[in-house]
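Worksheet for the structure shown next.
The values are calculated or read from the model by the stated rules, or taken from the named source; none is laboratory data. Predicted model, so just to flag it, every value in this text is computed and none were measured. Note: ideal-geometry Cβ built from the backbone for every residue, glycine included; neighbour counts use all protein chains shown.
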Amino acid sequence: MRLYSLLAAAKINLYLEIVGSRPDGFHELIMVMQSVSLCDRITVRSIGVDEIRVRCNHPLVPADETNLAYKAAALVSQRFPGVMAKLGGVEITIEKQIPVGAGLAGGSSNAAAVLVGLDLLWHLGLAQGKLQELGAELGSDVPFCVAGGTAIATGRGEQLDPIPGIDRLHLVIAKYESEFVSTPWAYQTYRAEYGDTYLPDAQGWQERQAQVRSGEMVKAVAQRNAIALGQQLHNDFEKAVLPAHPKTAHLRDTMANLGGLGTLMSGSGPSVFTLAESEAEAESLVATLKLALPDPDLGVWTAQFAPTGVRLDG
């Protein structure tokens, strides 16, 4: 085939703890990550010239070499020299549904889809683990976005331990379209304010990992207890991001007061989600939220937990 169309799932963080500062300059993290059904569609198509082209329907997404999807294609072409000359270049078309700059790993999921799509398009025969290794060179969330589902993520987020998830739990996601949070800023701000609480070494990090793995959040996921899961949602970034973004803080407070199983900011924000037991409850929360915050700048989506990250469309 000369064309593959793939769906790239967004992700949310059900749990995010910043535990230390790594020698490589990154932060040591402990997270529980979850794919959701809100997806971008990525099409990779062979073209007759040795080029990488990117097209996107969203004006804020770059269509040049700064796009993570472009970087993914460039990385594959570098690792497998000659394949582009033999089989042709690639045009990558991104149809955005995941909000941009939202803490939902939209760019990372797009890059993951390009890795999977080029593996098929260029007949590389790569195992999922190899695709995840390539993804780790692009960004910390990319390896998770390749496989998706539910996973405990450690290191800078690239070390993954898949765990059985809660099937089809519903959620409402909301984000002010004009609100953006820089992830580097969020880390720098958190380090400046809370760096004195960091665990000092790898032994401390491993001990904390063990505590989380045997703790109430992972237990709630393993037991598929949606009510307990909602009670254990946690994101360290909220302490740094919400005071500097009062609009998002008000959104989070409003959503938390509407009901549902639990509310949290995802990643470094500024998207906020509320878990719901059913599709009907999610739709009811959407209607109530729009009445409470009737702002055309507020984007609202419903989704459900998804068992995969990247999958073929159709």
Let me spell it out: the conditions are (1) in the same structural domain as Ala244 (by TED's automatic domain parsing); (2) among the aliphatic types (A, V, I, L, M); (3) within 27 Å of Ile163 (Cα to Cα), and Val286 meets all of them except one. Which number is the exception?
(3)
For the stretch 25-40, give me the residue count where each residue is farther than 18 Å from Thr302 by Cβ and touching a residue at least 12 places away in the same chain (Cβ under 8 Å).
8
Number of the exception - Asp201 against (1) at pLDDT below 95; (2) within 30 Å of Leu120 (Cβ to Cβ):
(2)
For the structure I just gave you, tell me whether Ala69 is touching an Asp or Glu at 6+ places or on another chain (Cβ under 6 Å), within 30 Å of Tyr15 (Cβ to Cβ) and not β-branched (Val, Ile, Thr).
no
List the helices (runs of 4 or more DSSP H) that sit entirely inside the stretch 207-314 and contain at least 1 residues that are in contact with a Pro (Cβ under 8 Å, 6 or more places away or on another chain) and without any contact (Cβ under 8 Å) to a residue 24 or more places away in the chain.
246-257
Test: residue in the stretch 153-160 that is in contact (Cβ under 8 Å) with a residue 24 or more places away in the chain and under 30 Å from Asp297 (Cβ atoms):
yes
Contacts under 9 angstrom Cβ, first residue in the stretch 122-140 being in contact (Cβ under 8 Å) with a residue 40 or more places away in the chain, partner of a type in the set (Val, Ile, Thr) and loosely packed, with under 15 Cβ neighbours inside 10 Å, 6 or more apart:
none
Could you tell me whether Val61 is touching a residue at least 12 places away in the same chain (Cβ under 8 Å), more than 24 Å from the chain's Cα centre (by Cα) and outside any helix (DSSP H, G or I)?
no
Name the single residue that is nearest to Pro296 (Cα to Cα) among those in the stretch 182-198 being in contact (Cβ under 8 Å) with a residue 60 or more places away in the chain and in contact with a helix residue (DSSP H, G or I) (Cβ under 6 Å, 6 or more places away or on another chain).
Ala186
